[in-house]
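> Input: one structure, supplied below.
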Amino acid sequence: ETKFDPGYEPDWAVISTVKQERRQEHPPVREKGTVLNCQWGSFSLPLSELYSLRRARFSLGRNFLVLTTRGGDPLPPLHFQRGGARELLKAMQRPVNMPSDWSSLQRFIQDPYATTFGGFSKVTNFFRGALPHTHQESPLSNRSPQDAHCPHPADEEPGFELITCVKLGPRPQVKRGKPLDNWDQFLDPEGRVTDPQKVKELVFRGGIVPSLRREVWKFLLGFYPWNSTTKEREDILRVKTDEYFRMKVQWKSVSEEQEMRNSLFRGYRSLIERDVNRTDRHNSFFSGNENPGLALLHDVLMTYCMYNFDLGYVQGMSDLLSPLLFVTQNEVESFWCLTGFMDLVHQNFEESQEAMKQQLLQLSVLLRALDPELCDYLDSQDSGSLCFCFRWLLIWFKREFSFEDILSLWEVLWTRLPCENFHLLMASSILESQKEELIGSNHDFNSILKHINELTMKLDLQSVLCGAEAIYLQLTHCKELPSKVQEVLGLRVPCSSSDESPNSEPKETDTLLAQSEARGVSSCQPFNGQTPQRIPPTYP
């Protein structure tokens, strides 16, 4: 996003690479009338001949759309980088009446690109609702819910779904439970956890009482295996302590002369020192200039650089460590809990940022299924990429809630219930709750970003968690849930691990372009067999 402003520390290096390099498109040339002259030649399509509308969005901010006629011929792909979906849909929902609708026609003739085709860029799954006759006459609309996961017909491009209007049904009411407050009942005489799944379910439902967090967190973050005995955990702690201090000695023993010749190490140290001085200073554990908590924060982060030197230190990691250090009150335990946490989120901090782009795309998939109107509005304000949610996903809402709320939130997310992308459901719940404010106040891109940043410390955690779980239940109860949404929720195994990867974009784009240029000659082969399904996880 050329207008992207992170809205907080501008020196977060990880933010700077979120901008995309866009291909140089051949801009369409406006002709007189309502026909566009593009590099493939001119074409026009009466709405009565429209069979389907498919939209591809392989990576953030890059869209193209393909119209298919009733004869099964796909027209040349249309690439768009503007808004206008709302105007387009309003025009298409009105009856075609030349005298009464002359003003709309005049706008079409004067600027057909901006008024008509510019709007196609963001048309979503409620488009079919504007064309009920097309929906009824389409043979694919008669597929039963049981056929939803069956192989696509040969004339459907890979990676696309037929655009349909999905009715999700009512959203259930959800209540939070009581926190885990009795740890001993889950331990056998030798100290093994007898029912790890039950523990996770209780933590997901209500969190953990503060007095038990130090012990239970070490299981949730993989420091201790669930089936380990008390004696085995003592041995693990001893071995892990020795390993930690061996790594700490490595960076402690680096001389000034060595550091001067190692710019990478020097850069890590400088960045850590700067971040430590501004991380959670309002908390008594890290407040003051001579606080030993700051020294521990610094030393653990430096040691992590030796543990994972390829990744090193990226701004934001100090936000992940401070609650761990606060709860464990122990340098070694906080370090190994950090490594367990980073095993879950390390891809967020990689320079390519492919994981962050993927998560923003998945969030868009969820939100589009839940509230197409909100998505359409965000698209019209150049905010459809949802990049204003970047910080939420990067450090798991660390700066959006109070310190105590983060302790409760993270232990819920570490259970990985009911799905691994529960944090995306939380983001969807927050955005939905802000719909009336966003649309009613007619925000533009900058004011949307400002509004989202001003939600910091104003969100009620329990309400957000209830909303996220209710969304999950609502989606999973839908019998015709789109496959892409199922994949985000972990209910369906993707056909290919590269389906959503931007690296796969040229291949899929070229395939679709070739199909369209051939006007109906498909190079795709149908699937053989049904895509494997996963049973939704169970929890109270």
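The values are calculated or read from the model by the stated rules, or taken from the named source; none is laboratory data. No experiment lies behind these values; they were computed from the predicted model shown. Cβ coordinates were reconstructed from backbone atoms using ideal geometry, including for glycine residues, and neighbour counts include every protein chain displayed. When the accessible area is computed, the model is the full protein with side chains, heavy atoms only, and any ligands, DNA or RNA have been set aside. Shrake-Rupley method; radii C 1.70, N 1.55, O 1.52, S 1.80 Å.
> With the crude spin-label approximation of a point 7 Å out along Cα→Cβ, what separation in nm comes out for Lys231 versus Ile439?
Once both label points are built, they end up 6.4 nm from each other.
> Only four residue types carry charge here, +1 at the Cβ of Lys and Arg and -1 at the Cβ of Asp and Glu. Report the dipole size of the range 209-349 about the Cα centre in Debye, rounded to the nearest 20.
Values: 16 positive and 19 negative charges, 22 e Å.
In total the dipole reaches around 100 debye.
> Using the Karplus curve 6.51 cos²θ - 1.76 cosθ + 1.60 with θ = phi - 60°, what ³J(HN,Hα) values do you get for each residue of the range 467-480, in whole Hz, with x for Gly and Pro?
Karplus values, whole Hz, x for Gly and Pro: x, 5, 5, 5, 4, 4, 5, 4, 5, 5, 7, 7, 6, 10.
> From the square roots a ≥ b ≥ c of the eigenvalues of the alpha-carbon gyration tensor of the range 245-336, which class results: rounded (a/c under 1.5), prolate (a/b over b/c), or oblate? Write down the numbers at each step before the final one.
Numbers: a/c = 1.84, a/b = 1.57, b/c = 1.17.
Prolate, because a/c is 1.5 or more and a/b exceeds b/c.
> Go through Asp444, Asp235 and list them by solvent-accessible area, largest first, probe radius 1.4 Å. Numbers along the way, then the final one.
Details: Asp444 75, Asp235 45 Å².
From most accessible down to least: Asp444, Asp235.
> Mind listing the long-range amide H neighbours of Arg492? Cut-off is under 5 Å, sequence gap 5 or more, other chains count too, H placed in the peptide plane at 1.01 Å from N.
Glu487, Arg534
> First compute the accessible area of the range 231-311 with a 1.4 Å probe, then give the percent of it belonging to carbon and sulfur atoms.
On the way: 2440 of 4840 Å².
Of all accessible area on the range 231-311, carbon and sulfur atoms account for 51 percent.
> Right, next: Pop the C-beta distance of Ser211 and Gln347 into the FRET formula with R0 = 30 Å and round what comes out to the nearest 0.05. Before the final figure, lay out each step's value.
Working: r = 33 Å, r/R0 = 1.11.
My answer for the efficiency is 0.35.
> Amide H neighbours of Tyr51 under 5 Å, counting only residues 5+ apart in sequence or on other chains, H built in-plane at 1.01 Å?
The list, which skips near neighbours in sequence, is Thr68, Thr69, Arg70.
> Taking a probe of 1.4 Å, how large is the accessible area per residue of the range 292-346, in Å²? Mind showing how you got there, number by number?
Details: 1350 Å² over 55 residues.
Value returned for the range 292-346: 24 Å² of accessible area per residue.
> Here's something else I'd like to know. Once the convex hull of the alpha carbons of the range 354-489 is built, what does its volume come to per residue, in cubic angstrom? Walk me through the intermediate numbers first.
On the way: hull volume 13.9 nm³, N = 136.
Looking at the range 354-489, the number lands at 103 Å³ per residue.
> Please give me the summed charge of the neighbours of Trp396: other residues whose Cβ is under 14 Å from its Cβ, Lys and Arg +1, Asp and Glu -1. Numbers along the way, then the final one.
Numbers: positive: Arg391, Lys398, Arg399, Arg416; negative: Asp319, Asp343, Glu400, Asp405, Glu411, Glu420.
Net local charge, Trp396 excluded: -2.
> Could you give the accessible area per residue of the range 354-489, probe 1.4 Å, as a whole number in Å²? Provide the component values of the computation, followed by the final result.
Numbers: 3960 Å² over 136 residues.
Per residue, the range 354-489 has an accessible area of 29 Å².
> Using the beta-carbon distance between Ser253 and Asp73 and R0 = 56 Å, what value does 1/(1 + (r/R0)^6) give for FRET efficiency, to the nearest 0.05? Mind dumping the intermediate values first?
Values: r = 71 Å, r/R0 = 1.26.
The computed FRET efficiency comes out at 0.20.
> Taking the Cα centre as origin and putting +1 on Lys and Arg beta-carbons and -1 on Asp and Glu beta-carbons, what dipole magnitude results for the range 337-474, to the nearest 20 debye?
Numbers: 9 positive and 21 negative charges, 38 e Å.
Roughly 180 debye, rounded to the nearest 20.
> Give the long-range amide H neighbours of Leu187: residues separated by 5 or more places, or on another chain, with amide H under 5 Å away, using H modelled in the peptide plane at 1.01 Å from N.
Residues meeting the criterion, in which the H sits 1.01 Å from N, are Thr194.
> Run the numbers for Glu354 and Thr241: contour at 0.36 nm per residue of separation, minus the present Cα-Cα distance, in nm.
On the way: separation 113, 0.36 × 113 = 40.68 nm, distance 3.40 nm.
So the extension gain works out to 37.3 nm.
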